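Let me begin by presenting the structure, written as structure tokens, before commenting on it.
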Amino acid sequence: MSLTTSPLLRPLHQLQFLKCPRFSSKSHLRPRRRLHFLTQRTIPAISAVAVESELRTQQDQSIEADVFACPICYEPLIRKGSPGLNLSAIYRSGFMCKRCKKSYSSKDRYLDLTVTAGLKDYTEIQPARTELFRSPLVSFLYERGWRQNFRQSGFPGPDEEFKMAQEYFESAKGGLVVDVSCGSGLFSRKFAKSGTYSGVVALDFSENMLRQCYDFIKKDDTLSTTNIALVRADVSRLPFASGSVDAVHAGAALHCWPSPSNAVAEITRILKSGGVFVGSTFLRYSSSTPWFIRPFRERTPQGYGYLTEEEIKDLCTSCGLTNYSSKIQQAFIMFTAQKP
């Protein structure tokens, strides 16, 4: 609101008061000085309330527009640049933690919000299954044959899995969805194209997976103006404030995480009350698996962390999630749970 557009909000020296006829001192129609004094005081009071209200509204909008937090302090990031959750706006923006002063910026069209972002000398050695998906070759092949092989284990296919997830996310319509371990963005793009949510964050630790996701988005004209952001982050250190996200999706991901318990605990932390977590993975074995086959499917430190349905449910409930339910088909499981 402009202060010069409303006559009530102009400074006093610019106001034009109507001229009144003069009255004699003995006239009973002469206005009292007390009333004139109150009229002068009312105008600046109205101006002060209007300006304060406008500033408060602008400040609230600025805070709401910034969905990211520092992965170290979990404090909301100060953003400098174009507002919005779309690719171009985030690419032109810089971010800084108001507490630890660590800065974050976009690189290769994704925003790096890992703890190690910007480090020059220090590097971390990740588990083999994590490094595998950081490979340019695997990232390129993921939607070009790799993911299609999941059908042999009972996965119904991306379209049906997306439909199932959408049913679980019914209560999150109009909210923010974070697709953790998004890979090349297979489901992130579907969530964004659905128009169901106010914003979608495609999040993965693999730089090359995020580059593949960006290439797919740029080839799809329907995604050019959607609110989708590409973020590199660690699932065990998610760059969001506590209780700020409406829904979290993790498709075919849980078995790849170095520590599923840390990851689910983080997911629980960032979910709002009533927020929904939906995940899918390969089961180590199900209730229908013969007992003599089960020993050959036990977990090893070097391999993927395949869990049983009982372990997944126990993991979700131990992290404070409720209303657990699941659907199983051969080795495929899609499960959901809700934050109270």
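The values are calculated or read from the model by the stated rules, or taken from the named source; none is laboratory data. Being a predicted model, the structure only gives us computed values, none of them experimental. No Cβ is skipped: glycine too gets one built from the backbone with ideal geometry, and neighbour counts run over all protein chains shown. For accessibility, only protein heavy atoms count, side chains too; no ligands or nucleic acids. Shrake-Rupley method; radii C 1.70, N 1.55, O 1.52, S 1.80 Å.
Listed residues A165, A172, A192; which is in contact with a strand residue (DSSP E or B) (Cβ under 6 Å, 6 or more places away or on another chain) and without any contact (Cβ under 8 Å) to a residue 40 or more places away in the chain? It would help to see each step written out before you state the result.
Working: A165 fails: without any contact (Cβ under 8 Å) to a residue 40 or more places away in the chain; A172 fails: without any contact (Cβ under 8 Å) to a residue 40 or more places away in the chain.
When all the criteria are applied, what remains is A192.
Only residues that are more than 23 Å from C97 (Cβ to Cβ), in contact (Cβ under 8 Å) with a residue 60 or more places away in the chain, outside any loop (DSSP other than H, G, I, E, B) and small (G, A, S): list them for region 238-268, please. Outline the logic, then answer.
So the first thing to find is which residues in region 238-268 are more than 23 Å from C97 (Cβ to Cβ), and the list is 246-247, 249-261, 264.
Narrowing the set further to residues that are in contact (Cβ under 8 Å) with a residue 60 or more places away in the chain leaves 246-247, 249-253, 256-258.
Narrowing the set further to residues that are outside any loop (DSSP other than H, G, I, E, B) leaves 246-247, 249-250, 256.
Hits for region 238-268 are A247, A250.
On the given criteria, is Y214 surrounded by fewer than 24 Cβ atoms within 10 Å (Cβ to Cβ) and either of a type in the set (S, T, N, Q) or within 18 Å of E161 (Cβ to Cβ) (or both)? If you could, list the steps in order and put the result at the bottom.
On the way: surrounded by fewer than 24 Cβ atoms within 10 Å (Cβ to Cβ): yes; either of a type in the set (S, T, N, Q) or within 18 Å of E161 (Cβ to Cβ) (or both): no.
So Y214 does not fit the description; no.
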| query | A337 is checked against (1) modelled with pLDDT of 95 or more; (2) farther than 17 Å from A165 by Cβ and fails just one. What number does that condition carry? | reply | (2)
| said: What's the number of the only condition in (1) buried (at least 24 other Cβ atoms within 10 Å of the Cβ); (2) within 24 Å of M164 (Cα to Cα) that L238 fails to meet? | reply: (2)
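Within region 93-130, restricting attention to residues that are open to solvent by less than 50 Å² (accessible area, probe 1.4 Å) and more than 24 Å from the chain's Cα centre (by Cα), which residue is nearest to L254 (Cα to Cα)?
Step one: of region 93-130, the residues open to solvent by less than 50 Å² (accessible area, probe 1.4 Å) are 93-95, 97, 102, 104, 106, 110-114, 116-117, 126-127, 129-130.
Among the residues that remain, those that are also more than 24 Å from the chain's Cα centre (by Cα) are: 126-127, 129.
Numbers: Q126: 16, P127: 14, R129: 12 Å.
Here the answer is R129.
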| task | Restricting attention to region 175-195, report how many residues are open to solvent by less than 30 Å² (accessible area, probe 1.4 Å), in contact with a Phe, Trp or Tyr (Cβ under 9 Å, 6 or more places away or on another chain) and farther than 27 Å from T116 by Cα. | result | 2
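Quick check on my filter: what residues within region 126-137 are touching a helix residue (DSSP H, G or I) at 6+ places or on another chain (Cβ under 8 Å) and at pLDDT below 85?
Keep residues of region 126-137 that are touching a helix residue (DSSP H, G or I) at 6+ places or on another chain (Cβ under 8 Å), which gives 129-130, 132-136.
Scanning region 126-137 gives a single hit, R129.
Collect the residues in region 217-235 that are β-branched (V, I, T) and either farther than 19 Å from R134 by Cβ or open to solvent by 40 Å² or more (accessible area, probe 1.4 Å) (or both), keeping them in residue-number order.
Initially, region 217-235 is screened for residues β-branched (V, I, T), giving 217, 222, 225-226, 228, 231, 235.
Correct list: I217, T222, T225, T226, I228.
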| query | Are there any pairs, at least 6 apart or on different chains, whose C-beta atoms fall under 8 Å, with the first in region 272-287 and at positive phi and the second in a strand (DSSP E or B) and open to solvent by 10 Å² or more (accessible area, probe 1.4 Å), and if so, which? | reply | G274/Q338
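Modelled with pLDDT of 95 or more and either assigned to a loop (DSSP other than H, G, I, E, B) or not basic (K, R) (or both): does that describe F277? Give the steps one after another, and end with the answer.
Numbers: modelled with pLDDT of 95 or more: yes; either assigned to a loop (DSSP other than H, G, I, E, B) or not basic (K, R) (or both): yes.
In short, yes.
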